[in-house]
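One structure is given below, encoded as C-alpha coordinates.
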Amino acid sequence: MSKSIKLFLNGEFVESKGSNTIPVTNPATQEVLAHVPCATHEEMVAAVEGAKEAFKTWREVPVPERARLMMRYQALLKEHHDELATILAEESGKTFEDAKGDVWRGIEVVEQAANVPALMMGETAENVARGIDTYSYIQPLGVCAGITPFNFPAMIPLWMFPMAIACGNTFILKPSEQNPLTPTRLAELFVEAGAPKGVLQVVHGAKKQVDHLLHDPAIQAISFVGSVPVGQYIYRTGTENLKRVQAFAGAKNHSVIMPDANKQTVINNLVGASVGAAGQRCMAISVAVFVGKSKEWIDDLAVELAKVKPGVWTDKDAAYGPLVSQQAKQRVIDMIAKGKEEGAECLVDGTNCTVEGYPEGNWVGPTLFNNVTTEMSIYQEEIFGPVLCAMSVETLEEALAIVNANQYGNGTSIFTANGAAARKYQHEVEVGQVGINIPIPVPLPFFSFTGWKNSFFGDLHAYGKQAIRFYSETKTITARWPESEIDNGPNMTIKMQ
Ligand code: NAD
(Lines give C-alpha, C1' and ligand atoms only; values in the text may rest on other atoms or scores of the structure.)
Protein backbone atom coordinates (compact mmCIF):
# COMPACT_ATOMS: atom_id res chain seq x y z
CA MET A 1 0.00 0.00 0.00
CA SER A 2 1.31 3.47 -0.82
CA LYS A 3 2.05 5.78 2.07
CA SER A 4 1.14 9.39 2.50
CA ILE A 5 4.04 11.77 2.87
CA LYS A 6 4.03 14.12 5.82
CA LEU A 7 4.87 17.79 6.07
CA PHE A 8 7.67 18.70 8.47
CA LEU A 9 6.41 21.67 10.43
CA ASN A 10 7.98 23.05 13.60
CA GLY A 11 9.86 19.90 14.44
CA GLU A 12 6.93 17.50 13.84
CA PHE A 13 6.11 15.29 10.88
CA VAL A 14 2.38 15.95 10.38
CA GLU A 15 -0.32 14.79 7.98
CA SER A 16 -1.48 17.63 5.76
CA LYS A 17 -5.09 18.70 6.26
CA GLY A 18 -5.31 19.43 2.53
CA SER A 19 -7.34 17.20 0.24
CA ASN A 20 -5.14 17.60 -2.88
CA THR A 21 -2.47 14.97 -3.33
CA ILE A 22 -0.10 14.02 -6.16
CA PRO A 23 0.93 10.37 -6.72
CA VAL A 24 4.63 9.48 -6.61
CA THR A 25 5.29 6.58 -8.98
CA ASN A 26 8.07 4.09 -9.52
CA PRO A 27 9.09 5.03 -13.10
CA ALA A 28 10.02 1.44 -13.96
CA THR A 29 6.63 -0.05 -12.98
CA GLN A 30 4.11 2.82 -12.51
CA GLU A 31 3.44 1.44 -9.02
CA VAL A 32 2.25 4.29 -6.79
CA LEU A 33 4.84 4.54 -4.02
CA ALA A 34 3.28 7.39 -2.08
CA HIS A 35 0.97 10.36 -2.23
CA VAL A 36 2.47 13.77 -1.74
CA PRO A 37 0.14 16.35 -0.18
CA CYS A 38 -0.25 19.92 -1.39
CA ALA A 39 0.19 22.00 1.76
CA THR A 40 -2.76 24.27 2.62
CA HIS A 41 -2.46 28.03 3.04
CA GLU A 42 -2.56 27.60 6.85
CA GLU A 43 0.24 25.01 6.68
CA MET A 44 2.38 27.33 4.55
CA VAL A 45 1.79 30.12 7.07
CA ALA A 46 2.72 27.73 9.91
CA ALA A 47 5.98 26.80 8.14
CA VAL A 48 6.97 30.44 7.68
CA GLU A 49 5.94 31.48 11.22
CA GLY A 50 7.78 28.49 12.68
CA ALA A 51 10.93 29.31 10.71
CA LYS A 52 10.71 32.97 11.81
CA GLU A 53 10.39 31.96 15.46
CA ALA A 54 13.23 29.42 15.24
CA PHE A 55 15.51 32.04 13.70
CA LYS A 56 15.40 34.09 16.91
CA THR A 57 17.23 31.37 18.83
CA TRP A 58 19.15 29.65 16.02
CA ARG A 59 21.00 32.87 15.07
CA GLU A 60 22.36 32.99 18.65
CA VAL A 61 23.79 29.44 18.52
CA PRO A 62 27.59 29.71 18.35
CA VAL A 63 29.05 29.01 14.94
CA PRO A 64 31.16 25.99 16.10
CA GLU A 65 27.97 24.40 17.45
CA ARG A 66 26.25 24.95 14.12
CA ALA A 67 29.27 23.31 12.46
CA ARG A 68 29.05 20.34 14.84
CA LEU A 69 25.42 19.77 13.80
CA MET A 70 26.72 19.44 10.23
CA MET A 71 29.43 17.00 11.34
CA ARG A 72 26.85 14.78 13.04
CA TYR A 73 24.60 15.07 9.98
CA GLN A 74 27.45 14.09 7.65
CA ALA A 75 28.17 11.00 9.76
CA LEU A 76 24.49 9.98 9.74
CA LEU A 77 24.16 10.49 5.99
CA LYS A 78 27.18 8.26 5.47
CA GLU A 79 25.77 5.65 7.83
CA HIS A 80 22.47 5.70 5.88
CA HIS A 81 24.09 6.04 2.46
CA ASP A 82 22.75 2.75 1.05
CA GLU A 83 19.32 3.24 2.57
CA LEU A 84 19.04 6.74 1.07
CA ALA A 85 20.25 5.46 -2.29
CA THR A 86 17.61 2.73 -2.23
CA ILE A 87 14.78 5.21 -1.60
CA LEU A 88 16.23 7.49 -4.26
CA ALA A 89 16.65 4.72 -6.85
CA GLU A 90 13.12 3.48 -6.32
CA GLU A 91 11.43 6.85 -6.72
CA SER A 92 13.70 8.26 -9.45
CA GLY A 93 14.62 5.10 -11.39
CA LYS A 94 18.39 5.84 -11.17
CA THR A 95 20.67 2.83 -10.97
CA PHE A 96 21.81 2.03 -7.43
CA GLU A 97 25.39 3.20 -8.04
CA ASP A 98 24.20 6.44 -9.62
CA ALA A 99 21.77 6.97 -6.71
CA LYS A 100 24.70 6.50 -4.32
CA GLY A 101 26.59 9.16 -6.28
CA ASP A 102 23.62 11.56 -5.98
CA VAL A 103 23.69 11.13 -2.17
CA TRP A 104 27.48 11.36 -2.05
CA ARG A 105 27.64 14.69 -3.89
CA GLY A 106 25.20 16.00 -1.27
CA ILE A 107 27.28 14.64 1.62
CA GLU A 108 30.25 16.59 0.25
CA VAL A 109 28.26 19.82 0.55
CA VAL A 110 27.42 18.99 4.18
CA GLU A 111 31.18 18.59 4.74
CA GLN A 112 31.65 22.06 3.31
CA ALA A 113 28.89 23.40 5.57
CA ALA A 114 30.85 22.03 8.55
CA ASN A 115 33.64 24.49 7.61
CA VAL A 116 31.33 27.40 8.32
CA PRO A 117 33.34 28.99 11.17
CA ALA A 118 36.26 29.73 8.85
CA LEU A 119 33.99 30.65 5.94
CA MET A 120 32.02 33.17 8.01
CA MET A 121 35.04 35.13 9.17
CA GLY A 122 34.87 38.78 8.23
CA GLU A 123 37.61 41.33 7.50
CA THR A 124 39.43 43.78 9.79
CA ALA A 125 41.61 46.85 9.31
CA GLU A 126 43.29 48.65 12.15
CA ASN A 127 43.79 52.43 12.20
CA VAL A 128 41.57 53.26 9.21
CA ALA A 129 41.81 56.72 10.77
CA ARG A 130 43.67 57.79 13.92
CA GLY A 131 42.47 55.50 16.75
CA ILE A 132 39.69 54.04 14.61
CA ASP A 133 39.35 50.38 13.58
CA THR A 134 36.96 48.84 11.06
CA TYR A 135 35.83 45.25 11.00
CA SER A 136 33.07 43.27 9.37
CA TYR A 137 30.89 40.40 10.52
CA ILE A 138 28.97 37.95 8.36
CA GLN A 139 25.45 37.59 9.76
CA PRO A 140 22.55 35.35 8.69
CA LEU A 141 19.60 36.76 6.71
CA GLY A 142 16.64 35.11 8.44
CA VAL A 143 14.19 32.71 6.77
CA CYS A 144 15.40 31.28 3.44
CA ALA A 145 13.55 28.90 1.10
CA GLY A 146 14.53 26.31 -1.50
CA ILE A 147 12.60 24.81 -4.43
CA THR A 148 14.19 21.72 -5.93
CA PRO A 149 13.84 19.61 -9.13
CA PHE A 150 13.22 15.90 -9.55
CA ASN A 151 16.56 14.88 -10.99
CA PHE A 152 18.86 15.04 -7.94
CA PRO A 153 16.54 14.38 -4.98
CA ALA A 154 19.43 14.18 -2.49
CA MET A 155 22.19 16.36 -3.90
CA ILE A 156 20.18 19.48 -4.70
CA PRO A 157 18.28 19.83 -1.38
CA LEU A 158 21.72 19.30 0.21
CA TRP A 159 23.18 22.11 -1.91
CA MET A 160 20.78 24.40 -0.09
CA PHE A 161 19.63 23.81 3.47
CA PRO A 162 22.93 22.72 5.11
CA MET A 163 24.75 25.83 3.81
CA ALA A 164 21.88 28.17 4.72
CA ILE A 165 21.37 26.68 8.18
CA ALA A 166 25.11 26.53 8.95
CA CYS A 167 25.15 30.30 8.29
CA GLY A 168 22.54 30.73 11.05
CA ASN A 169 19.40 30.98 8.89
CA THR A 170 16.28 28.87 9.09
CA PHE A 171 15.07 27.15 5.93
CA ILE A 172 11.86 26.04 4.22
CA LEU A 173 12.35 23.31 1.60
CA LYS A 174 9.78 22.61 -1.13
CA PRO A 175 11.08 19.46 -2.85
CA SER A 176 9.99 18.22 -6.27
CA GLU A 177 6.56 16.64 -6.09
CA GLN A 178 7.90 13.89 -8.40
CA ASN A 179 10.64 12.67 -6.03
CA PRO A 180 9.78 13.80 -2.48
CA LEU A 181 10.64 10.60 -0.57
CA THR A 182 14.41 11.13 -0.48
CA PRO A 183 14.17 14.74 0.78
CA THR A 184 11.74 13.57 3.50
CA ARG A 185 14.29 11.03 4.71
CA LEU A 186 17.01 13.72 4.58
CA ALA A 187 14.86 15.83 6.94
CA GLU A 188 14.33 12.89 9.33
CA LEU A 189 18.07 12.33 9.53
CA PHE A 190 18.65 16.04 10.13
CA VAL A 191 16.38 15.81 13.18
CA GLU A 192 18.29 12.72 14.34
CA ALA A 193 21.52 14.70 14.00
CA GLY A 194 20.11 17.17 16.54
CA ALA A 195 18.62 19.95 14.40
CA PRO A 196 16.58 22.17 16.71
CA LYS A 197 12.84 22.47 16.20
CA GLY A 198 11.80 24.77 13.38
CA VAL A 199 15.24 25.31 11.86
CA LEU A 200 14.27 23.20 8.82
CA GLN A 201 10.67 23.01 7.58
CA VAL A 202 9.58 20.82 4.65
CA VAL A 203 6.42 21.73 2.76
CA HIS A 204 5.07 19.86 -0.24
CA GLY A 205 3.12 20.79 -3.33
CA ALA A 206 3.66 22.58 -6.62
CA LYS A 207 3.07 26.07 -8.07
CA LYS A 208 0.62 27.28 -5.41
CA GLN A 209 2.98 26.45 -2.55
CA VAL A 210 5.94 27.99 -4.43
CA ASP A 211 3.89 31.15 -5.00
CA HIS A 212 3.32 31.42 -1.26
CA LEU A 213 7.07 31.34 -0.68
CA LEU A 214 7.63 33.93 -3.44
CA HIS A 215 5.18 36.38 -1.90
CA ASP A 216 5.63 35.92 1.85
CA PRO A 217 7.49 39.00 3.11
CA ALA A 218 9.23 37.03 5.87
CA ILE A 219 11.28 35.07 3.34
CA GLN A 220 14.57 36.80 2.63
CA ALA A 221 16.18 34.57 0.01
CA ILE A 222 15.08 31.90 -2.45
CA SER A 223 17.21 29.19 -4.03
CA PHE A 224 15.70 27.42 -7.04
CA VAL A 225 16.87 24.62 -9.31
CA GLY A 226 14.72 23.47 -12.24
CA SER A 227 13.66 24.32 -15.78
CA VAL A 228 14.24 27.63 -17.58
CA PRO A 229 10.64 28.95 -17.71
CA VAL A 230 10.05 28.22 -14.03
CA GLY A 231 13.50 29.61 -13.11
CA GLN A 232 12.75 32.85 -14.96
CA TYR A 233 9.35 33.10 -13.28
CA ILE A 234 10.87 32.52 -9.86
CA TYR A 235 13.70 34.99 -10.43
CA ARG A 236 11.32 37.69 -11.71
CA THR A 237 8.66 37.19 -9.03
CA GLY A 238 11.09 36.75 -6.16
CA THR A 239 13.15 39.83 -7.02
CA GLU A 240 9.97 41.83 -7.68
CA ASN A 241 9.05 41.00 -4.11
CA LEU A 242 12.53 42.31 -3.12
CA LYS A 243 13.98 38.92 -2.23
CA ARG A 244 17.44 37.69 -3.00
CA VAL A 245 17.10 34.92 -5.62
CA GLN A 246 19.46 32.39 -7.19
CA ALA A 247 17.80 30.29 -9.93
CA PHE A 248 19.69 27.43 -11.59
CA ALA A 249 18.01 26.37 -14.82
CA GLY A 250 18.22 24.19 -17.92
CA ALA A 251 21.15 23.49 -20.19
CA LYS A 252 22.51 22.26 -23.50
CA ASN A 253 26.08 21.20 -22.82
CA HIS A 254 28.56 20.82 -25.68
CA SER A 255 31.65 18.68 -25.83
CA VAL A 256 34.25 19.72 -28.41
CA ILE A 257 36.31 16.86 -29.82
CA MET A 258 39.69 17.77 -31.28
CA PRO A 259 41.28 15.32 -33.75
CA ASP A 260 44.37 14.90 -31.51
CA ALA A 261 42.30 13.51 -28.62
CA ASN A 262 42.38 9.83 -27.72
CA LYS A 263 39.57 8.22 -29.69
CA GLN A 264 38.62 5.54 -27.16
CA THR A 265 38.68 8.02 -24.26
CA VAL A 266 36.39 10.32 -26.21
CA ILE A 267 33.92 7.57 -27.06
CA ASN A 268 33.77 6.21 -23.50
CA ASN A 269 33.31 9.69 -22.06
CA LEU A 270 30.64 10.72 -24.55
CA VAL A 271 28.64 7.54 -23.95
CA GLY A 272 28.60 7.97 -20.16
CA ALA A 273 28.06 11.73 -20.16
CA SER A 274 25.20 11.71 -22.68
CA VAL A 275 23.01 8.79 -21.63
CA GLY A 276 24.04 8.28 -17.98
CA ALA A 277 21.03 8.91 -15.68
CA ALA A 278 18.94 8.68 -18.89
CA GLY A 279 20.34 12.09 -19.86
CA GLN A 280 18.40 13.66 -16.98
CA ARG A 281 21.35 15.65 -15.65
CA CYS A 282 21.69 19.41 -16.05
CA MET A 283 25.37 18.79 -16.85
CA ALA A 284 24.78 15.89 -19.29
CA ILE A 285 26.57 16.27 -22.61
CA SER A 286 23.83 16.63 -25.21
CA VAL A 287 25.86 18.01 -28.14
CA ALA A 288 29.20 16.66 -29.45
CA VAL A 289 31.01 18.98 -31.84
CA PHE A 290 33.59 17.01 -33.84
CA VAL A 291 36.46 19.10 -35.19
CA GLY A 292 38.25 18.07 -38.40
CA LYS A 293 39.05 14.38 -38.77
CA SER A 294 37.52 13.44 -35.41
CA LYS A 295 34.17 13.21 -37.26
CA GLU A 296 35.42 9.83 -38.55
CA TRP A 297 34.79 8.48 -35.01
CA ILE A 298 31.03 9.09 -35.12
CA ASP A 299 30.24 5.64 -36.56
CA ASP A 300 32.21 3.92 -33.79
CA LEU A 301 30.47 6.11 -31.21
CA ALA A 302 27.16 4.89 -32.65
CA VAL A 303 28.26 1.25 -32.24
CA GLU A 304 29.18 1.83 -28.57
CA LEU A 305 26.02 3.80 -27.79
CA ALA A 306 23.84 1.11 -29.32
CA LYS A 307 25.30 -1.42 -26.86
CA VAL A 308 24.11 0.56 -23.82
CA LYS A 309 21.09 -1.01 -22.12
CA PRO A 310 18.79 0.71 -19.65
CA GLY A 311 17.20 -1.28 -16.87
CA VAL A 312 15.63 -1.32 -13.45
CA TRP A 313 17.68 -0.04 -10.48
CA THR A 314 18.04 -3.51 -8.95
CA ASP A 315 19.73 -4.77 -12.14
CA LYS A 316 23.48 -4.39 -11.62
CA ASP A 317 24.06 -4.49 -15.39
CA ALA A 318 21.68 -1.64 -16.17
CA ALA A 319 23.53 1.40 -17.53
CA TYR A 320 20.75 3.82 -16.64
CA GLY A 321 17.11 3.83 -15.61
CA PRO A 322 13.77 4.97 -16.99
CA LEU A 323 12.69 8.56 -17.58
CA VAL A 324 11.05 10.10 -14.52
CA SER A 325 7.46 10.05 -15.84
CA GLN A 326 5.33 8.92 -18.76
CA GLN A 327 5.01 12.57 -19.84
CA ALA A 328 8.80 13.00 -19.79
CA LYS A 329 9.18 9.85 -21.91
CA GLN A 330 6.57 11.03 -24.41
CA ARG A 331 8.29 14.43 -24.68
CA VAL A 332 11.62 12.79 -25.49
CA ILE A 333 10.02 10.42 -28.04
CA ASP A 334 8.32 13.43 -29.69
CA MET A 335 11.66 15.29 -29.80
CA ILE A 336 13.32 12.28 -31.49
CA ALA A 337 10.52 12.23 -34.10
CA LYS A 338 10.99 15.96 -34.66
CA GLY A 339 14.75 15.50 -35.13
CA LYS A 340 14.07 12.97 -37.91
CA GLU A 341 11.47 15.25 -39.51
CA GLU A 342 13.87 18.18 -39.46
CA GLY A 343 16.46 16.16 -41.36
CA ALA A 344 18.97 15.01 -38.75
CA GLU A 345 20.40 11.55 -39.38
CA CYS A 346 19.29 9.17 -36.61
CA LEU A 347 22.20 6.70 -36.25
CA VAL A 348 20.89 5.09 -33.06
CA ASP A 349 17.17 5.27 -32.31
CA GLY A 350 15.96 4.65 -28.77
CA THR A 351 12.27 5.19 -29.52
CA ASN A 352 11.04 1.61 -29.21
CA CYS A 353 13.04 0.53 -26.22
CA THR A 354 11.78 -2.28 -24.00
CA VAL A 355 13.13 -3.86 -20.84
CA GLU A 356 12.16 -7.45 -20.15
CA GLY A 357 9.83 -7.81 -17.18
CA TYR A 358 9.07 -4.07 -17.05
CA PRO A 359 6.62 -3.37 -19.87
CA GLU A 360 5.23 -0.29 -18.12
CA GLY A 361 8.59 1.45 -17.56
CA ASN A 362 9.34 4.87 -19.07
CA TRP A 363 12.18 3.48 -21.20
CA VAL A 364 13.98 5.37 -23.92
CA GLY A 365 17.05 3.76 -25.48
CA PRO A 366 20.28 5.60 -26.28
CA THR A 367 19.80 7.84 -29.30
CA LEU A 368 22.39 9.46 -31.56
CA PHE A 369 21.69 12.06 -34.22
CA ASN A 370 24.32 13.10 -36.74
CA ASN A 371 24.47 16.13 -39.03
CA VAL A 372 22.54 18.21 -36.55
CA THR A 373 22.36 21.92 -37.34
CA THR A 374 21.86 24.84 -34.97
CA GLU A 375 18.41 25.61 -36.46
CA MET A 376 16.93 22.23 -35.47
CA SER A 377 14.67 21.92 -32.40
CA ILE A 378 16.74 18.97 -31.11
CA TYR A 379 19.68 21.39 -30.97
CA GLN A 380 17.87 24.40 -29.59
CA GLU A 381 15.78 22.75 -26.87
CA GLU A 382 16.92 20.91 -23.79
CA ILE A 383 15.75 17.33 -24.43
CA PHE A 384 16.56 15.94 -20.95
CA GLY A 385 16.70 12.39 -22.24
CA PRO A 386 19.36 9.91 -23.48
CA VAL A 387 19.85 11.73 -26.78
CA LEU A 388 23.17 12.96 -28.16
CA CYS A 389 23.36 15.38 -31.12
CA ALA A 390 26.54 15.24 -33.20
CA MET A 391 27.73 17.98 -35.51
CA SER A 392 30.99 18.52 -37.43
CA VAL A 393 33.12 21.61 -38.07
CA GLU A 394 36.59 22.21 -39.48
CA THR A 395 38.21 24.39 -36.80
CA LEU A 396 38.23 25.07 -33.06
CA GLU A 397 37.15 28.66 -33.81
CA GLU A 398 34.00 27.35 -35.53
CA ALA A 399 33.28 25.07 -32.56
CA LEU A 400 33.71 27.98 -30.15
CA ALA A 401 31.37 30.14 -32.23
CA ILE A 402 28.65 27.47 -32.01
CA VAL A 403 29.01 26.99 -28.25
CA ASN A 404 29.11 30.74 -27.57
CA ALA A 405 26.01 31.42 -29.68
CA ASN A 406 23.99 28.91 -27.66
CA GLN A 407 21.54 30.41 -25.15
CA TYR A 408 22.76 28.12 -22.34
CA GLY A 409 26.04 28.22 -20.42
CA ASN A 410 25.97 25.54 -17.74
CA GLY A 411 28.83 23.20 -18.66
CA THR A 412 31.09 22.27 -21.56
CA SER A 413 34.15 20.17 -22.22
CA ILE A 414 36.98 19.85 -24.69
CA PHE A 415 38.90 16.67 -25.49
CA THR A 416 42.39 17.35 -26.80
CA ALA A 417 46.08 16.52 -26.35
CA ASN A 418 47.02 20.11 -27.16
CA GLY A 419 47.51 22.51 -24.24
CA ALA A 420 47.21 25.58 -26.42
CA ALA A 421 43.84 24.45 -27.78
CA ALA A 422 42.62 23.68 -24.25
CA ARG A 423 43.87 27.07 -23.01
CA LYS A 424 42.14 28.89 -25.88
CA TYR A 425 38.91 27.03 -25.21
CA GLN A 426 38.86 27.62 -21.46
CA HIS A 427 39.62 31.30 -22.00
CA GLU A 428 37.19 32.07 -24.81
CA VAL A 429 34.22 29.85 -24.12
CA GLU A 430 31.17 31.64 -22.66
CA VAL A 431 30.13 28.84 -20.33
CA GLY A 432 30.51 28.80 -16.56
CA GLN A 433 31.95 25.29 -15.98
CA VAL A 434 34.59 23.89 -18.31
CA GLY A 435 36.08 20.40 -18.41
CA ILE A 436 39.41 19.65 -20.09
CA ASN A 437 39.45 15.94 -20.94
CA ILE A 438 36.68 15.65 -18.30
CA PRO A 439 33.18 15.40 -19.74
CA ILE A 440 31.04 16.62 -16.81
CA PRO A 441 32.99 19.22 -14.84
CA VAL A 442 30.81 19.62 -11.74
CA PRO A 443 32.94 21.52 -9.21
CA LEU A 444 33.43 20.10 -5.73
CA PRO A 445 31.76 22.09 -2.94
CA PHE A 446 34.78 24.18 -1.92
CA PHE A 447 34.29 25.83 -5.34
CA SER A 448 30.85 26.97 -6.48
CA PHE A 449 28.45 25.62 -9.13
CA THR A 450 28.80 28.41 -11.67
CA GLY A 451 26.41 28.10 -14.62
CA TRP A 452 26.04 31.14 -16.92
CA LYS A 453 23.58 32.69 -19.40
CA ASN A 454 20.09 31.08 -19.44
CA SER A 455 21.35 28.28 -17.18
CA PHE A 456 21.44 30.67 -14.22
CA PHE A 457 19.57 33.75 -13.08
CA GLY A 458 21.16 35.63 -10.21
CA ASP A 459 24.60 36.67 -9.00
CA LEU A 460 25.83 34.31 -6.29
CA HIS A 461 25.98 30.61 -7.09
CA ALA A 462 25.41 27.39 -5.14
CA TYR A 463 27.77 26.08 -2.44
CA GLY A 464 31.38 27.14 -1.82
CA LYS A 465 32.17 30.71 -0.74
CA GLN A 466 29.43 32.12 -2.97
CA ALA A 467 26.74 30.25 -0.99
CA ILE A 468 27.97 31.80 2.25
CA ARG A 469 27.61 35.22 0.67
CA PHE A 470 24.19 34.35 -0.78
CA TYR A 471 22.83 33.24 2.60
CA SER A 472 24.32 36.12 4.64
CA GLU A 473 24.64 39.84 5.09
CA THR A 474 27.85 41.72 5.84
CA LYS A 475 27.82 44.14 8.76
CA THR A 476 30.72 46.60 8.88
CA ILE A 477 31.61 48.26 12.16
CA THR A 478 33.77 51.33 12.57
CA ALA A 479 34.88 51.83 16.19
CA ARG A 480 36.75 54.41 18.23
CA TRP A 481 37.76 53.69 21.82
CA PRO A 482 39.72 56.77 22.97
CA GLU A 483 41.93 56.41 26.04
CA SER A 484 40.61 59.75 27.29
CA GLU A 485 37.63 61.93 26.36
CA ILE A 486 38.17 63.98 23.21
CA ASP A 487 36.07 67.08 22.88
CA ASN A 488 36.81 69.00 19.70
CA GLY A 489 33.24 70.22 19.39
CA PRO A 490 30.87 69.09 16.56
CA ASN A 491 32.56 67.81 13.41
CA MET A 492 30.79 69.30 10.40
CA THR A 493 32.77 67.49 7.69
CA ILE A 494 33.17 63.83 6.73
CA LYS A 495 36.82 63.80 7.82
CA MET A 496 37.27 61.17 10.56
CA GLN A 497 40.63 61.94 12.15
P1 NAD B 1 10.69 22.08 -12.96
O2 NAD B 1 11.04 23.48 -13.31
O3 NAD B 1 9.51 21.47 -13.63
O4 NAD B 1 10.40 21.96 -11.37
C5 NAD B 1 11.32 22.42 -10.42
C6 NAD B 1 10.57 22.85 -9.17
O7 NAD B 1 9.72 23.95 -9.48
C8 NAD B 1 9.69 21.77 -8.57
O9 NAD B 1 9.81 21.80 -7.16
C10 NAD B 1 8.28 22.18 -9.01
O11 NAD B 1 7.28 21.82 -8.08
C12 NAD B 1 8.37 23.68 -9.11
N13 NAD B 1 7.50 24.22 -10.16
C14 NAD B 1 7.14 23.61 -11.33
N15 NAD B 1 6.35 24.43 -12.06
C16 NAD B 1 6.22 25.57 -11.35
C17 NAD B 1 5.54 26.80 -11.59
N18 NAD B 1 4.84 27.01 -12.71
N19 NAD B 1 5.62 27.77 -10.64
C20 NAD B 1 6.32 27.58 -9.52
N21 NAD B 1 6.99 26.44 -9.24
C22 NAD B 1 6.95 25.44 -10.14
O23 NAD B 1 12.01 21.21 -13.18
P24 NAD B 1 12.18 19.62 -13.12
O25 NAD B 1 11.53 19.02 -14.31
O26 NAD B 1 11.84 19.11 -11.78
O27 NAD B 1 13.78 19.50 -13.27
C28 NAD B 1 14.44 19.40 -14.50
C29 NAD B 1 15.04 20.72 -14.92
O30 NAD B 1 15.94 21.17 -13.91
C31 NAD B 1 15.88 20.61 -16.18
O32 NAD B 1 15.60 21.73 -16.99
C33 NAD B 1 17.32 20.66 -15.68
O34 NAD B 1 18.27 21.16 -16.59
C35 NAD B 1 17.17 21.59 -14.51
N36 NAD B 1 18.27 21.44 -13.57
C37 NAD B 1 19.20 22.43 -13.52
C38 NAD B 1 20.29 22.32 -12.67
C39 NAD B 1 21.33 23.40 -12.61
O40 NAD B 1 22.12 23.40 -11.68
N41 NAD B 1 21.39 24.32 -13.55
C42 NAD B 1 20.41 21.19 -11.85
C43 NAD B 1 19.44 20.20 -11.92
C44 NAD B 1 18.36 20.34 -12.79
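The values are calculated or read from the model by the stated rules, or taken from the named source; none is laboratory data. Everything quoted here is computed from the prediction, not taken from an experiment. Please note: Cβ atoms are built from the backbone with ideal geometry, for glycine as well, and neighbour counts cover all protein chains shown. Ligands, DNA and RNA are stripped out before the accessible areas are found, and what is left, the full protein with its side chains, is counted by its heavy atoms. Shrake-Rupley method; radii C 1.70, N 1.55, O 1.52, S 1.80 Å.
To the nearest 0.05, how large is the calculated FRET efficiency for Asn352 and Ala218 if R₀ is 51 Å and r is the Cβ-Cβ distance?
So the FRET efficiency works out to roughly 0.50.
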Exercise. What lysines could a cross-link reach from Lys17, if we take a straight Cα to Cα line under 26 Å and drop same-chain neighbours fewer than 8 places away?
Worked result: Lys3, Lys6, Lys52, Lys174, Lys197, Lys207, Lys208
Exercise. Say each of Lys52 and Asn491 gets a label point 7 Å from the Cα, pointing the same way as Cα to Cβ; how far apart are those two points in nm?
Worked result: 3.9
Exercise. What accessible area per residue, rounded to a whole number of Å², is obtained for the stretch 304-458 using a probe radius of 1.4 Å?
Worked result: 44
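Send over a whole-number figure in Å² for the accessible area per residue of the stretch 197-275, probe 1.4 Å.
With all protein chains present, the stretch 197-275 gives 36 Å² per residue.
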Exercise. Please report, for the Cα atoms of the stretch 10-55, the Rg to one decimal and the Dmax as a whole number; what are they, in angstrom?
Worked result: 14.1, 43
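Between rounded, prolate and oblate, where does the stretch 291-390 land on the alpha carbon gyration tensor, with a ≥ b ≥ c its root eigenvalues, rounded for a/c under 1.5, else prolate if a/b exceeds b/c?
Details: a/c = 2.52, a/b = 1.42, b/c = 1.77.
Oblate.
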Problem set entry | Cα pair distances in the stretch 370-497, grouped into 10 Å bins until the bin that holds the longest one, percent each | 10, 29, 24, 12, 8, 8, 7, 2, 0
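For an R0 of 30 angstrom, estimate the FRET efficiency from the Cβ-Cβ distance between Ala125 and Asp459 and round to the nearest 0.05. Write out the running numbers ahead of the final one.
Working: r = 25 Å, r/R0 = 0.84.
My answer for the efficiency is 0.75.
Roll a 1.4 angstrom probe over the protein heavy atoms and tell me the percent of accessible area of the chain that is carbon or sulfur.
Numbers: 11170 of 21570 Å².
Carbon and sulfur together cover 52 percent of it.
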Seminar exercise, completed: Ala277 neighbourhood, Cβ < 9 Å, K/R = +1, D/E = -1, net charge 0
Seminar exercise, completed: Using alpha carbon centers only, the stretch 185-222 is separated from the stretch 157-184 by a whole-angstrom value of 7
Exercise. Ile436 versus Glu473, label points 7 Å from Cα toward the beta carbon: distance in nm?
Worked result: 4.2
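Roughly speaking, what % of Cα-Cα pairs in the chain are separated by over 35 Å, rounded to a whole number? Each step should come with its number before you reach the end.
Working: 46086 of 123256 pairs.
Percentage above 35 Å: 37.
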Exercise. If you take the alpha carbon radius of gyration of the stretch 215-273 and divide it by 2.2 N^0.38 Å, what ratio comes out, to two decimals?
Worked result: 1.83
For this session: Based on the mean of other Cβ atoms within 10 Å per residue, sort peptides 16-23, 159-166, 215-222 so the most packed one is first.
Result: 159-166, 215-222, 16-23
Exercise. In µm²/s, what is D for the stretch 1-119 at 25 °C and 0.890 mPa s, where D = kT/(6 pi eta Rh) by Stokes-Einstein and Rh is the Kirkwood radius from Cα pairs?
Worked result: 146
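How about the stretch 90-180: which GluC sites (Glu not before Pro) there lie in a loop by DSSP and see at most 16 other Cβ atoms within 10 Å?
On the way: sites: Glu90, Glu91, Glu97, Glu108, Glu111, Glu123, Glu126, Glu177; in loops: Glu123, Glu177.
Within the stretch 90-180, the qualifying GluC sites (Glu not before Pro) (loop, at most 16 other Cβ atoms within 10 Å) are Glu123.
Note the per residue figure in Å³ for the convex hull of the C-alpha positions in the stretch 238-368.
On the way: hull volume 22.1 nm³, N = 131.
Spread over its residues, the Cα hull of the stretch 238-368 gives 168 Å³ apiece.
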Problem set entry | P(r) histogram, all alpha-carbon pairs of the stretch 50-186 included - 5 Å bins from 0, percent | 2, 11, 17, 18, 17, 12, 9, 5, 3, 2, 2, 1, 0, 0
Problem set entry | Candidate lysines - alpha carbon under 21 Å from Lys338, same-chain residues fewer than 8 apart omitted | Lys252, Lys329
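Which value in Å is the Kirkwood Rh of the stretch 33-73 over different Cα pairs?
Working: mean 1/r = 0.0787 Å⁻¹.
About 12.7 Å for the stretch 33-73.
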For this session: Starting from the Cα of Val61, step 7 Å along the direction of its Cβ; do the same at Trp452; then give the gap between the two resulting points in nm.
Result: 3.9
